[in-house]
1. In this structure, is residue 315 over 23 Å from residue 422 (Cα atoms) and more than 8 Å from the ligand (Cβ to nearest atom)?
2. (1) in a helix (DSSP H, G or I); (2) free of Cβ contacts under 8 Å to residues at least 12 places away in the same chain: which one isn't true of residue 304, the others all being true?
3. Please go through segment 345-359 and give me each residue that is assigned to a loop (DSSP other than H, G, I, E, B) and either in contact with a helix residue (DSSP H, G or I) (Cβ under 6 Å, 6 or more places away or on another chain) or more than 11 Å from the ligand (Cβ to nearest atom) (or both), ordered by number.
4. Loosely packed, with under 14 Cβ neighbours inside 10 Å, more than 10 Å from the ligand (Cβ to nearest atom) and more than 15 Å from residue 335 (Cβ to Cβ), is that true of residue 415?
5. If you check 391, 386, which single one turns out to be more than 8 Å from the ligand (Cβ to nearest atom) and either within 35 Å of the chain's Cα centre (by Cα) or not in a helix (DSSP H, G or I) (or both)?
6. Any residue in segment 334-354 that is at positive phi sitting within a Cβ distance under 9 Å of a residue that is part of a loop (DSSP other than H, G, I, E, B) and surrounded by fewer than 18 Cβ atoms within 10 Å (Cβ to Cβ)? List the pairs, counting only those 6 or more apart or interchain.
7. Keeping to segment 331-344, report how many residues are assigned to a loop (DSSP other than H, G, I, E, B), in contact with a strand residue (DSSP E or B) (Cβ under 7 Å, 6 or more places away or on another chain) and near the ligand (Cβ under 10 Å from one of its atoms).
8. For segment 308-356, how many residues are modelled with pLDDT of 85 or more and either under 23 Å from the mean Cα position of the chain (by Cα) or closer than 26 Å to residue 385 by Cβ (or both)?
Ligand code: CMP
């Protein structure tokens, strides 16, 4: 359900982005060539307005927020939405482009059409959610956003240029637009071939060209700076990871660690790189002030909240209390995570991977536990030594919850204690009898 909600937000944002982009492209063209949308385009424009209004209603009702967000936070986010985006969203939902104004009211029409396109800046606010959904390098996503706005910006500049130049009645509009876009590209990229130039008799054309040239210099600098930064950031993480691996390799060689153990270690580091890009979450968290840690933990452990069905019906306050205590850990295939008969001091939630529950001698398999499930609760809740051995079947991304935190949480939520106890007794029965 939570997963579905997350997907719905993503697809809704994609739809809003599509409609906003469509309007940002079509509305200025319509304004310049004096075209009023009809037929299919009219329907699309009206559909955009309806979706924008639905979007406002959704945000005012905080419909897309996860269930664990408290009422207080919802109110705060609603207030922030009203302050930052409400007016923009409302103005862009009104189909101003359908209003017919006389030619000498062009400036007013341009202002109204600008209102209609304002929602394009809302797309910027989707970035954070997309970073999480698409799991793309934030630097690359930032560049994608940058190029998206650059292309739109160039389109608007080309439309402005078209407006300044009088298009002959017999001219091919598409060709004139392409010429304007060509002029924009050569000017903004500071290439400036000079084959299309402002009229020396028109001050406004020359001023407009100078303005675009200035913007071009800034844009060019931004692109170069960001691309270089992005590449050096990617390299930085990789270099750090390689150095770490080299030092472990040297250590293993000098201590003559058996070959199979060395191979498992390399495998583990490769997995670390593939899943976490070499970042150690615990070390990063340790550097943060206490007040931030809470929010970080909520964000970092968001995926496990969405995956574990037990959290679905739990009270948001309980989920918060547990989530802050979860510690990520990784196990390689074949690792024994719990050993039969041991005194257990923590339980585990599976974020990724699968484990098997086996007997003391490892010959009998009782169950396979997968993503979204948990284990190790019997030792904590029934004060019983581990009643089975747990082995990782593949690389497992787990979250552990220590006994102290567990005891504290269950003492606050007896219902939660009962449901875990029921599950533990059921599992005990299956395994022992
Ligand atoms: P614990 O006894 O702390 O450590 C071993 C864990 O294996 C145990 O908690 C349960 O979480 C899990 N376990 C034991 N028996 C079963 C079973 N039949 N099915 C699924 N999980 C089990």
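1. Working: over 23 Å from residue 422 (Cα atoms): no; more than 8 Å from the ligand (Cβ to nearest atom): yes.
No, not satisfied.
2. (2)
3. Taking segment 345-359 and keeping what is assigned to a loop (DSSP other than H, G, I, E, B), we get 345, 353, 359.
Once the filter is applied, which keeps residues that are assigned to a loop (DSSP other than H, G, I, E, B) and either in contact with a helix residue (DSSP H, G or I) (Cβ under 6 Å, 6 or more places away or on another chain) or more than 11 Å from the ligand (Cβ to nearest atom) (or both), segment 345-359 yields 345, 353.
4. Spelling it out, residue 415 is indeed loosely packed, with under 14 Cβ neighbours inside 10 Å, more than 10 Å from the ligand (Cβ to nearest atom) and more than 15 Å from residue 335 (Cβ to Cβ).
5. Values: 386 fails: more than 8 Å from the ligand (Cβ to nearest atom).
None of the others qualify; the one that does is 391.
6. From residues that are at positive phi, the pairs are 334/393; 341/360; 341/385; 353/333; 353/371; 353/393; 353/394.
7. First, the residues of segment 331-344 that are assigned to a loop (DSSP other than H, G, I, E, B): 332-335, 339-344.
Still in the running and in contact with a strand residue (DSSP E or B) (Cβ under 7 Å, 6 or more places away or on another chain): 332-335, 339-340, 344.
In the following step, the residues that additionally are near the ligand (Cβ under 10 Å from one of its atoms) were identified as 339-340, 344.
So the count comes out to 3.
8. 33
The values are calculated or read from the model by the stated rules, or taken from the named source; none is laboratory data. Model, not experiment: these values are computed from the prediction. Don't worry about glycine lacking a Cβ; one is built from the backbone with ideal geometry, like all the others, and counts go over all protein chains shown.
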